[in-house]
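Heads up: the structure comes next, in structure tokens.
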Amino acid sequence: MSPSWPHLVGFGCYKLGGVAPPPEPKDPKVIETAILTAIHVGYRTFDNAQFYENEKEIGDAFEKVFKRTKHIIQQCTSGTDSSTVVNLPPELEESEASNSPLRDPTFPLIQREDLFIISKIWQQNVYEGETAILQQLKKTVAELKCDYLDLYLIHWPVPEGKHAEAYKYLWTEVLDSENGVIRRLGVSNYTVPDYLELMKIMNGIENSNGRKPIKPFCNQFEISPLLYRKSTIEFFKNEGILIQAYRSFTDGKFGKPEYTYNTSSSSVQSEESALDTKFANDKEVLTFRRITKRTGKTACQVALKWAVMKNIQVLPKSNTPIRIRENKPDNIINNNVLTDNDSWSLNEEEVCLLDSLMTKEHWDRYKNHYLQCRIRDTPLKNKENVVFWEEEKGEMKFQ
Ligand SMILES: NC(=O)c1ccc[n+]([C@@H]2O[C@H](COP(=O)([O-])OP(=O)(O)OC[C@H]3O[C@@H](n4cnc5c(N)ncnc54)[C@H](OP(=O)(O)O)[C@@H]3O)[C@@H](O)[C@H]2O)c1
């Protein structure tokens, strides 16, 4: 049975199968294997976007899973169940290799409603407005072969009120209509001022069903021990908005061997001591080494755990089945929900150490990224306008 929503560990799909956007080629087989592996090992939330340019390939994999489930259920109800051998529908029987996860009897029976599927609308369409937004939304749903999205996000807060116009349109005219093509509406990369601007524009507005609250369901933004914007996170939590973290591994940085103290074999202890010496002055690496040594977990697992202990949803991405398993929900948190009785946790001192790793370099990188991305693919000029919240600025005390 699927755990109840929100699943604190979901699966990220940016650059799944290769680097998007083109000209870098994407590999549909890598995408299919990753999605099937993720479903097999327990991920149920999938974070997609128009910008990732892989929604069709991801949808093809979902479709295979749904077809397989339907076929097996039909066989069971018609009494032709062969119990130990998985009989696939004829079209998959021919195309699936003998080692396909779909042939594995332990592969779960997943239907559309067992998955929580997210997508996002890109700045160009947000800027262009209603027609472009609706056209893209329909394309996304068709490509993902999912009938509806559980959650649709404004990918970046396009300035000059464009983000709020898009949100208002989706709120008033698409949510609860258009055959229920979106179930929830959220935002991504919003600062507190962006959110306040949105709420000002949405003040007093209802949709056709009188649905309230008008607040976004979530705000998805970059969060990791290297970019921990505490007051912003607290602000959105206090507003009752779910926080989703992306780039939990800082572009795979925590996957580097030196971040994890290898406790698996005594024969490598001399190498581990050498690494301790080499990184003796590197607070970031040493913090992860210390925590991974005590917990026996990898640095990537520690980074995910750090966020979920704050009730922040994480969306680790990997093209690599072994890493998809390493990051899987069961390895991070029991039943994918936060309780007081988890099988492992970080202690208070470790959480404090991780909380203190943000540097000016990471803050500056984030700020530039924000300023560029929110106008990307739009005719808007890059203006150095004030976008940060005074309280957040006050908290940036870098050593
Ligand atoms: N809303 C937004 O603007 C926004 C922006 C960025 C991302 N996102 C979402 O958030 C998701 C996660 O962010 P992200 O993809 O940027 O970064 P991420 O998940 O933090 O890191 C992905 C990188 O880490 C590597 N990796 C994953 N697990 C590993 C492990 N156990 N050991 C070693 N390396 C590992 C992956 O390598 P391999 O793939 O080669 O295994 C990949 O290079 C995205 O996929 C996307 O869904 C949203």
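Derivation of every value follows stated rules applied to the coordinates shown; laboratory data play no part. For clarity, every value in this text was computed on a predicted model and none was experimentally measured. Quick reminder, even Gly has a Cβ in these numbers, built from the backbone with ideal geometry, and neighbours come from all protein chains shown.
Before moving on, here are some points about what is shown:
- The chain: C-alpha pair distances exceeding 30 Å, %: 45
- Globularity index of region 36-80 is 1.46 (Cα radius of gyration / 2.2 N^0.38 Å, N = number of residues).
- Amide H contacts of residue 11: 45, 46, 47, each under 5 Å away and 5 or more positions distant or on a separate chain (H built 1.01 Å from N in the peptide plane; Pro and chain starts excluded).
- Highest mean first, the peptides 252-258, 313-319, 56-62, 170-176 sorted by other C-beta atoms within 10 Å per residue fall in the order 313-319, 56-62, 170-176, 252-258.
- Counting DSSP beta bridges with both ends in the chain, the antiparallel % (nearest 5): 10
- Burial ranking of peptide ranges 136-142, 363-369 (average Cβ count within 10 Å, highest at the top): 136-142, 363-369
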